[in-house]
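The values are calculated or read from the model by the stated rules, or taken from the named source; none is laboratory data. The shown structure was predicted, so the numbers you read here are calculated from the model rather than taken from an experiment. Every residue, glycine as well, gets a Cβ built from its backbone with ideal geometry; the counts of neighbours run over all protein chains shown. Please note that ligands, DNA and RNA were not included when accessible areas were found on the heavy atoms of the full protein model with its side chains. Shrake-Rupley method; radii C 1.70, N 1.55, O 1.52, S 1.80 Å.
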Amino acid sequence: FSDPAGAVRHISALTSGVSRRATIQKTLLPVLIRWMAEGIDPDRALISFRRLSESLGETHWFLKMLRDSSGAAERLMRVLSSSSFIARLLEHIPDSSAWFGDPSSLQPTGSEKLVLEMRSIIEREDVETAAELIRQIRRREVLRLAIGAVLGELAMNEVSKGLTDLVDSYLTCMLELAKSQSGAEIDFGIVAMGRWGGGELGFGSDADAMLVYLSDSEGAQSLAEKVASQLMQLSKDSLLEFELDLDLRPEGKNGPRIRSLASYQAYYEKWADTWEFQALLRARIITGSEVLQSSFTSIIDTYRYPAELDAKKLTEIRRIKARVEGERLPLGADPTRHLKLGRGSISDVEWLIQLYQLRYAGLHPQLRSLGTLETLDQLVELKLLSAPQAE
C-alpha cells in the first residue's frame, strides 16, 4: 500500500463497532487485503471496497456473498484493484456487485433483450425519465462487459460484439424518443461508422456516425435537423461519457449534420474524396425503413467496392496515411512502440486491409466484410495474403 496510514483508517472504519457487518468484515479483511495487495492499485481497491460496503454493508446478500460464495470476494478484490473505471461505475451501480457471485451473469445481454427492456421503459415513461433510465441501462451493461473482460470471462471479440450491440440498441431507442419528442414522422437512418460500424468497439472507442433521411418533401430537412439535434442531446451522458461523433459526414464539420438519401448520392458522385470511400468500408445503417437501409447500402457499395482502384487514388491513400501519422502521433512518441499509430501498429493493419478491399472487393464479394479480422481471413482464403503475413 502506498498510503499505509490511510489504509489503516479505512480498515478501522470497516471494522469498528459491534454490528453484524463489522464482525463479518473483521473476519474477512485479512484475506481481502492480501488479494487487494496482489493487484495493481491496492489503495484504490481498499477505498472502493469501503464505499461499496457503506452502500451495501447492511444488505443481507452482499455480506453473505463475500463470506460464502466461492471466489466472489477474490474476484471483487481483483477487479477493484485492477480498474478505476469499474470501481467508479460500481459506486454508482452498487447492486451489480451481485455478479461477482455468479460469473454466468457477466455474459453480454444481446441486442434483442436490450431493445425489449428499453422499449418497455419508453412505453410507460415520459421522454426525459425514459432517456435517463436508458442511460442507466447502458452504464449497467458497460459495467457488466468491463468486469467480464477484466476477469477473463469474455474474449476480445465477445466484448466488441457486446459493446456494439449495446450502442446499436441505445441509439435505436434514443432515436425513438427523439422522434417522439419532436412529434416528427420521418424515415431516419443512423449509419454506424469506424470501429462501431465494423463491430470492433473497445471501451474507449468513439461512436462515429452519419445521419440520413428518406424524403424530398418541403420542410423535411429542417424536421430531420430537429430530430438529429434531439438525438444528440438525449444520447449524451456525462457520467459514462457518450457522444455521437459526426465528423466523418460529407464536408465534415462544415457540412449539415444530416442529409437526404438523394443528397448523399449526389455528393458521392461528384465531390467525395478517396478517403471518404475508404471510410465507407465500415458503414452500416442500423435504423430506418427497409427501403432507406437497402437504398443507402446500394449507393455506398458502388463507391466502397469499385471495379478497380487507379494509381492516383492509391497514391492519395498513401499520402493521407502519412499525414495521419505525422499529425496524430503524440509529440516525442517512439513510432516503433506506439500501438495505434506507429509502424506495424493497429492503424497500419486496418489501412492495409482496407486498401485490399478497395482494390479487390469489386471482384470478390467475400471481401465485403465490415470487420478487420473477418476480411483478413478472407484475404488468406483468396491467397491475396499468405497465412504468415496475416498472422
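Values for this structure:
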{"item": "Whole-Å semi-axes of the ellipsoid equivalent to the range 91-171 (Cα gyration tensor, √5λ, descending)", "result": "23, 15, 10"}
{"item": "Positive-pole candidate from A146, L171, I134, dipole of the range 133-174, charges at beta carbon", "result": "I134"}
{"item": "The range 128-253 - Debye-derived log10 I(q)/I(0), Cα point model, q = 0.12, 0.13, 0.22 Å⁻¹", "result": "-0.48, -0.55, -1.32"}
{"item": "Convex hull of the range 1-86 built on C-alpha atoms - directionally averaged projected area, nm²", "result": "5.1 nm²"}
{"item": "Dipole magnitude of the range 136-179 about its Cα centre (Cβ charges: Lys, Arg +1; Asp, Glu -1), debye to nearest 20", "result": "180 debye"}
{"item": "Overall Cα dimensions of the chain - principal axes, largest extent first, Å", "result": "77, 54, 38"}
{"item": "Stokes-Einstein diffusion coefficient of the range 198-325, Kirkwood radius over Cα pairs, 25 °C, 0.890 mPa s, in µm²/s", "result": "151 µm²/s"}
{"item": "The range 181-234 - charge dipole about Cα centre, Lys and Arg +1 at Cβ, Asp and Glu -1, debye rounded to 20", "result": "180 debye"}
{"item": "Cα-based Rg / Dmax (Å) for the range 230-274", "result": "13.5, 42"}
{"item": "Solvent-accessible area per residue for the chain (1.4 angstrom probe, square angstrom)", "result": "49 Å²"}
{"item": "For the chain, with +1 on Lys and Arg beta carbons and -1 on Asp and Glu, the positive-most of L329, L373, V31 along the dipole", "result": "V31"}
{"item": "Fraction of beta bridges assigned by DSSP in the chain that are antiparallel (%, nearest 5)", "result": "60 percent"}
{"item": "Rounded percent of accessible protein surface that carbon and sulfur make up, the range 284-391, 1.4 Å probe", "result": "53 percent"}
{"item": "With DNA, RNA and ligands ignored, accessible area of L28 (1.4 Å probe; Å², nearest 10)", "result": "30 Å²"}
{"item": "Test item: Cα-centred dipole of the chain, Lys/Arg +1 and Asp/Glu -1 on Cβ, debye", "result": "1120 debye"}
{"item": "Cα-only Debye scattering, the range 284-391: base-10 log of I(q)/I(0) at q = 0.21, 0.23 Å⁻¹", "result": "-1.17, -1.24"}
